[in-house]
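Student: Before anything else, here's the structure in question.
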Amino acid sequence: MTVPILEIKDLCLSYFTRAGEIPAVVDFNLTLNEGETAGLVGESGCGKSTVALAIMNYLGDNGGIVGGSIKFKGRDIVTMSKEELRRLRGADIAMVYQEPMAALNPSMTIGRQLAEVPICHEGVDMATALKRAEELLDAVRLPDAKRILAAYPHQISGGQQQRVVIAMALLSKPSLLLLDEPTTALDVTVEAGIVELIADLGHDFGTSNLYISHNLGLIRETCDRVFVMYSGEVVEEGSIDEVFQSTRHPYTTGLFSAIPMPGSDKYDRPLVPIRGQLPLPHLRPKGCNFGPRCDHFEAGRCDNRRIPLDRLSEAPRPHAVRCIRWDEIDWEAYRPDVTMVEQMEPGERVLRVEEMQKYYEITDRSFAAMLRGKNIRFVKANESLSFDARRQQTVAIVGESGCGKSTFAKVLMGLETATEGRIRFNGDDIADLPVEQRSPEQIGSLQMVFQNPNETLNPSHTVGSQIARVIKKFGIETDARKIEQRVFKLLDTVKLPRDFANRRPRQLSGGQKQRVGIARAFAGNPAMVIADEPVSALDVSVQAAVTQLLMEIQRDHGTTLLFISHDLSVVRYLADRIVVMYLGQIMEQGTTDEVFSPPYHPYTEALLSAVPIADTSFEKRRIVLEGDLPSAMNTPPGCPFASRCQRHLGDICDTTPPPIVEPEPGHRIACHIPLAELQAVPPVFSQKDDGDGGDTPVVAA
Amino acid sequence: MVIFLAKRVGYMLLTMLVVSILLFLLLEVNGESVAVKVLGPYTSIEQRNIWLENNGYFRPLYVRYFDWLFGIATGDFGQSIRFKAPVSDILWDRLGNTAILGAATYAIMVPVSLTLGVLAGMKEGSALDRTISLTSIGTTSVPEFASAVLLAFIFVFTLGWLPGTSAMSGGFDPVQLILPVLVLFLYGFGYLVRMTRASMAEVMQTPYIRTAILKGLPYRQVILRHALRNALIAPFTVIMLQINWLLSGVIVVEFFFAYKGFGALLLEASLNQDIYMIQACAMVAVFVAVTTQTIADIGYTYLNPRIRLGG
Amino acid sequence: MTDNAIRSARPSKIMQYLRRAALIRESWVGSIGLGIIVFWVAMALLAPLLAPFPPNAQYVPFMAPGFNLPPTGTFWLGTDHLGRDILSRLMWGARTVLFYAPLATFCAYAVGILMGLAAGYKRGWIDDVLSRSADVILSFPILVLYVVIITTFGASGINIVLAVTFASAPGIMRIVRGLVLDLRNRDYVAAAQTRGESSLYIMFVEILPNARGPLIVDACLRVGYVIITIGVLGFLGLGLPPPDPDWGGMVNETRGMAMSFPHMTIFPCIAISSLVLGFNLLADGLREVSLRD
């Protein structure tokens, strides 16, 4: 038998703080063979990135390996000298990082940063090194490698930066590549390109890969084996098919139930959050770490002693689970406790947006612009937006960064005013009405839930006083006693204990902060709530809980929800209607079913294909878009999507704005392609048919 | 880039203009009090009026201002009351002396502070870092006049190694420079060390330093190639702006050691109400400060590719 | 927990601040700094009780430390050229410096914070005007500015406070403005805007409290710096008018005789340096503690 590339045995990692030793990772085992890609998946704080840094033996000043061994091709990294380690790093083991912009030195050209690797490890001269760098930039499919070599990192886009980082990692032909959330900072359609590149790495470059991610869908699309981590331990490991199809750990099943799957929505398969929260490393419970959050917990057994990793079979690469009850639970019959909801009929029209435009004026101070005499340019943040939203309806605005969705939210809230067009809210035109000129009723009936849990609450004031301020401000109650009662009631509504009113935001977890943010938005009994990516910064299991809560309150109050997101899977789950935006313009809008099945706008099609899916019973067509998102500064005269469109027709796309076709009333697509042709496009997702190989198209419920 | 330079220089001139107006308003708006300062307190109203008439003080304010400004622009700062000589005759000599003092201080301060700051920032929280940081806090806490007294007490009074004054009456003598330079250095280097340390420590925490280490580069190269370049951008600005501080510091030091420099001149002028000399000194000081600030801005832009090459 | 229990569990504001302040114990550097400051504050407050002699009373000039003059008493730090007790003058001098330095810093902060909030939050022409004015003032070498102001308006306590305010407010404004530019983009500020809060409310209730950490550290450093400034002005003969004791002035009056009677100049120098050191150490400790959580 050949020696595995990487063999980690009984690894224990700890951080040493003023409070004492904090175990970060306990009893970690992993074997990675040549050409294999293993995935490490888990929520934040589970220790997955710590493992990656330990493989490089780079844990910083306060971290250390306290037990076990990490063998790279049979040599133990733990006992290596500094010089041996240095020769290993970057040459045999290389790493790709989460934030490509931050990982590159801002004041050094990319060429020099790349050339350093072969110069340092192979002693070649600068010219040879640069030539090698150029070859690798070609290999990671970066066009115009010469220009990129001479550029500084800030001069290229995020997707290009990540390709540069990957090229840098591959330059010395490493046998092991560590990828730490390499696509998290990127847009979905850009991510798809990187994922495709990573999936091909093994056979193009012969590397073995360790892929670290919080996203089960990405793991499924890139890996052969998967290790699910929870609170510093591997709780389940096995091949992708084993773990994804016959899941045997309650945490893993919990993760799967907490994420939206294609082909299901809030009515037929509600998300199931995992209750409670991740224990802090020094407050881990006795016995099973997941015990307090587990539906199958059995007192006296699960909290008795440390739970070992148990093998389901005696195969050389077994499916293993850290649960003593895995063979007792009836996995097929188990249904978590959720309440199904009735479909709601949308009510009267609350919001009507008509031909709304928002342009920003930018003064170009460059020399060239002065010569041309044209130094004022317009950023077309929103271009002729038109859509409606009704009572009780959830309308989602979907798009990648720079598509103008946040600008639209600002105009709606009155933080900016529209350049053209009308926004009718409850009959009043508010497009030109900045928030200072709106009546308290108008303000109170249009509120917002914000994206970043760490910024949504003011760290200097208590939770209670922040909610109370809203109640006072909108004049709902004036008596101090009554205001307090109302604060308590709102905390009840968002399922937080009443004594949270006295707490300060830093004492709350991310999910709890978002709940307070929701309570604050609903304090004034709004008719409409705008939620700007309210769950994207949260962990999967918490995301489900917050999403469910938001839906529940919306139902109870009959509120219209305008849900802004980049995540199509969440949108599909939650929304009744979807508006797809690209570079400030609406590409497609319609009901959720209409948008998710053909005819698609080519951008919608690409966007759908870019979403990683964790459900192994589905297959999707891969569409990888060329290039990166263009800037909103120079929008092309024709279709904004023309430069990247996979179904580009010809000059007409670049020069003429696309007409709007309406396959069904209310389903609008802005595209030059004839409707019949769009209708002939096969669906992006199809159910895998075991056996006969025929694809059954999935038409959403 | 050309536009940027032109803008910086234009901006600098504008600042000078505003400063000149401020100074003019502050010191000369009341002709009566100028006359008192020039002629002395025991003069009659008639004498003052004659003087005011002869010197054009009865002209409108703006005419007087432009006249004054034109004089300054052509190097004519007026007549010093205290020295009974044209201001410019005295000023340039003194400025030269101060330049020598400043250059000597910088020649020691910059390399020492940058080295110590980089060493401290390389490993934040280490014993070396704590030692360097605490030392720099300590020296910055001692005002220049206090360290001048203490150093003079040790080296002049107790040990007798160095001269106690730096009047240079017998021609230029480098030994007399030692104490003034030492005092300026002690008070000033702490700030620069702390800025360098903070900048270096911040850079050492960045992901690109981790990238460089995990590329397998030797530690020396990580520091020299990746860290220093980025860490020294901020201190560069500080070094240039410290010239502004130095102009304050020389007042005390030159006064204490009787060094015939610009600072002592300004102080002497102030204490003797030598109004034209004060104006000239202030204008020159601001000019030096604004010029260095402009150089700092331009240098910062040049050193920072993210700004230089735009987004 | 019942609602009433929740209400009573609310800790009082003062207790919270005291608990925060007690965190400084975790930094030994900060504790030493605080100790020195407390020592001098006690000296200043208790000067009328503790000082062995009236500060301006004249006895035997040029006496060395420890000089005993029965039956008047012992001059622990000696006497100066006019025969005044140096220890008593140091204690009374602490009053002067600990009154004017914090007062001047406070005034500078009041102005600087107002300017910084307005410039950073309102942006636009207000920011342009304020920032440009700040640039002009900051382009003066600071002591040159003081010298010009004091010679024009005369040396007095109130003028020193005004001069310090005028010269330091622009620097404080820049710091505040920088903090505000960052804080104004937080979602909680957007939340306040979208519920129609006034600019004043947002600046003072939503933004300013979150900038306090760096500002407190800076204020400590600045008090130290103002102490130096007052000392330097005294030393240059531009400080508070004699005969009342002022540390810088004491050095100035006696430095000519320092070669023969070093104790007259050295003790005031040590006093001022130690007090400034106290503030600088406290600032360092505060920064260290604030970075921890």
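Student: Could you look through segment A:514-527, keep only residues that are open to solvent by less than 40 Å² (accessible area, probe 1.4 Å) and not in a helix (DSSP H, G or I), and pick out the one that is farthest from A:PRO459 (Cα to Cα)?
Tutor: Taking the candidates together, the pick is A:ALA527.
Student: Would you kindly identify the strands (runs of 3 or more DSSP E) lying entirely within segment A:1-105 that contain at least 1 residues that are closer than 18 Å to B:GLY216 by Cβ?
Tutor: A:6-17, A:63-72, A:93-96
Student: Moving to a separate point now. Only one of C:VAL205, C:VAL189 is surrounded by 21 or more Cβ atoms within 10 Å (Cβ to Cβ), in contact with an Asp or Glu (Cβ under 9 Å, 6 or more places away or on another chain), within 19 Å of A:LYS473 (Cβ to Cβ) and among the β-branched types (Val, Ile, Thr); which?
Tutor: C:VAL189
Student: Go through the residues of segment C:54-61 one by one and say whether even a single one is surrounded by fewer than 19 Cβ atoms within 10 Å (Cβ to Cβ) and aromatic (Phe, Trp, Tyr).
Tutor: Yes, the conditions are met somewhere in segment C:54-61.
Student: Say whether the condition of being over 23 Å from A:SER401 (Cβ atoms), in a helix (DSSP H, G or I) and open to solvent by 20 Å² or more (accessible area, probe 1.4 Å) is met by at least one residue in segment A:602-615.
Tutor: No, there is no match, as no residue in segment A:602-615 is over 23 Å from A:SER401 (Cβ atoms), in a helix (DSSP H, G or I) and open to solvent by 20 Å² or more (accessible area, probe 1.4 Å).
Student: I've got another one for you. Any residue in segment A:536-549 that is within 14 Å of chain C (Cβ to nearest Cβ), farther than 25 Å from C:GLN16 by Cβ and at pLDDT below 90?
Tutor: Among the residues of segment A:536-549, at least one is within 14 Å of chain C (Cβ to nearest Cβ), farther than 25 Å from C:GLN16 by Cβ and at pLDDT below 90, which makes the answer yes.
Student: Only one of these is in a helix (DSSP H, G or I), within 14 Å of chain B (Cβ to nearest Cβ) and touching a residue at least 40 places away in the same chain (Cβ under 8 Å): C:GLY231, C:GLY239. Name it.
Tutor: Matching residue, one of C:GLY231, C:GLY239: C:GLY231.
Student: Out of the helices (runs of 4 or more DSSP H) lying entirely within segment A:192-284, which hold 2 or more residues that are among the small types (Gly, Ala, Ser) and touching a helix residue (DSSP H, G or I) at 6+ places or on another chain (Cβ under 7 Å)?
Tutor: Of the helices (runs of 4 or more DSSP H) lying wholly inside segment A:192-284, those with at least 2 residues that are among the small types (Gly, Ala, Ser) and touching a helix residue (DSSP H, G or I) at 6+ places or on another chain (Cβ under 7 Å) span A:250-258.
Student: Now a separate question. Can you find even one residue in segment B:217-233 that is basic (Lys, Arg) and either more than 9 Å from every other protein chain (Cβ to nearest Cβ) or over 30 Å from A:ILE156 (Cα atoms) (or both)?
Tutor: Taking every residue of segment B:217-233 in turn, at least one turns out to be basic (Lys, Arg) and either more than 9 Å from every other protein chain (Cβ to nearest Cβ) or over 30 Å from A:ILE156 (Cα atoms) (or both).
Student: For segment C:62-85, which residues satisfy the criterion of being of a type in the set (Phe, Trp, Tyr), open to solvent by 40 Å² or more (accessible area, probe 1.4 Å) and without any contact (Cβ under 8 Å) to a residue 40 or more places away in the chain?
Tutor: Passing the criteria: C:PHE67, C:TRP76.
Student: What residue, among those in segment A:373-414 that are open to solvent by 50 Å² or more (accessible area, probe 1.4 Å) and within 26 Å of A:ALA185 (Cβ to Cβ), is nearest to the other protein chains (Cβ to nearest Cβ)?
Tutor: Per the stated criteria, the residue is A:LYS410.
Student: Which condition from (1) open to solvent by less than 10 Å² (accessible area, probe 1.4 Å); (2) in contact (Cβ under 8 Å) with a residue 24 or more places away in the chain; (3) within 14 Å of chain C (Cβ to nearest Cβ) is the one that A:ILE430 breaks?
Tutor: Going through the list (1) open to solvent by less than 10 Å² (accessible area, probe 1.4 Å); (2) in contact (Cβ under 8 Å) with a residue 24 or more places away in the chain; (3) within 14 Å of chain C (Cβ to nearest Cβ), A:ILE430 breaks only (2).
Student: Going through segment A:488-513 one residue at a time, which ones are within 11 Å of chain C (Cβ to nearest Cβ) and either assigned to a loop (DSSP other than H, G, I, E, B) or under 11 Å from A:PRO453 (Cβ atoms) (or both)?
Tutor: Once the filter is applied, which keeps residues that are within 11 Å of chain C (Cβ to nearest Cβ) and either assigned to a loop (DSSP other than H, G, I, E, B) or under 11 Å from A:PRO453 (Cβ atoms) (or both), segment A:488-513 yields A:PRO497, A:ARG503, A:ARG504, A:PRO505, A:LYS513.
Student: Within the group C:GLY83, C:GLY120, C:GLY30, which residue is small (Gly, Ala, Ser) and modelled with pLDDT under 85?
Tutor: The match here is C:GLY83.
Student: Criterion first (touching a residue at least 24 places away in the same chain (Cβ under 8 Å) and within 18 Å of the chain's Cα centre (by Cα)) does A:MET261 satisfy it?
Tutor: So A:MET261 fits the description; yes.
Student: Looking at (1) more than 10 Å from chain B (Cβ to nearest Cβ); (2) crowded, with 24+ Cβ neighbours inside 10 Å; (3) aromatic (Phe, Trp, Tyr), which one does C:PHE279 not meet, given that it meets all the others?
Tutor: Condition not satisfied by C:PHE279: (1).
Student: Go through the residues of segment B:24-46 one by one and say whether even a single one is among the β-branched types (Val, Ile, Thr), touching a residue at least 40 places away in the same chain (Cβ under 8 Å) and farther than 30 Å from B:ILE298 by Cβ.
Tutor: Checked segment B:24-46: at least one residue is among the β-branched types (Val, Ile, Thr), touching a residue at least 40 places away in the same chain (Cβ under 8 Å) and farther than 30 Å from B:ILE298 by Cβ.
Student: All but one of (1) more than 14 Å from chain A (Cβ to nearest Cβ); (2) surrounded by 24 or more Cβ atoms within 10 Å (Cβ to Cβ) hold for B:LEU182; which doesn't?
Tutor: If we test B:LEU182 against (1) more than 14 Å from chain A (Cβ to nearest Cβ); (2) surrounded by 24 or more Cβ atoms within 10 Å (Cβ to Cβ), just (2) comes out false.
Student: For a quick check of your reading of the model, give me the residue pairs whose first member lies in segment C:132-153 and is on the phi < 0 side of the Ramachandran plot, whose second is open to solvent by 30 Å² or more (accessible area, probe 1.4 Å) and aromatic (Phe, Trp, Tyr), with beta-carbon atoms closer than 8 Å and at least 6 apart or on different chains.
Tutor: Hits for this filter: C:ILE137/C:PHE166; C:PRO141/B:TRP245; C:ILE142/B:TRP245; C:LEU145/C:PHE166; C:ILE149/C:PHE166.
Student: Output yes when any residue across segment A:185-196 is open to solvent by 50 Å² or more (accessible area, probe 1.4 Å), closer than 24 Å to B:HIS226 by Cβ and either in contact (Cβ under 8 Å) with a residue 60 or more places away in the chain or away from chain B (no Cβ under 13 Å) (or both), and no when none is.
Tutor: Scanning segment A:185-196 turns up at least one residue that is open to solvent by 50 Å² or more (accessible area, probe 1.4 Å), closer than 24 Å to B:HIS226 by Cβ and either in contact (Cβ under 8 Å) with a residue 60 or more places away in the chain or away from chain B (no Cβ under 13 Å) (or both).
Student: Can we say B:ALA120 is surrounded by 19 or more Cβ atoms within 10 Å (Cβ to Cβ), more than 7 Å from chain C (Cβ to nearest Cβ) and either in a helix (DSSP H, G or I) or hydroxyl-bearing (Ser, Thr, Tyr) (or both)?
Tutor: The answer is yes for B:ALA120.
Student: Condition (residue is buried (at least 21 other Cβ atoms within 10 Å of the Cβ), part of a helix (DSSP H, G or I) and among the acidic types (Asp, Glu)) applied to segment B:136-147: is it met by at least one residue?
Tutor: Within segment B:136-147 (the criterion being buried (at least 21 other Cβ atoms within 10 Å of the Cβ), part of a helix (DSSP H, G or I) and among the acidic types (Asp, Glu)), the answer is yes, since at least one residue qualifies.
The values are calculated or read from the model by the stated rules, or taken from the named source; none is laboratory data. These numbers were taken from a predicted model, which means no experiment stands behind them. Because the Cβ atoms are built from the backbone with ideal geometry, glycine has one as well, and the counts that use them run over all protein chains shown. Note: areas computed on protein heavy atoms with side chains; ligands, DNA, RNA excluded. Shrake-Rupley method; radii C 1.70, N 1.55, O 1.52, S 1.80 Å.
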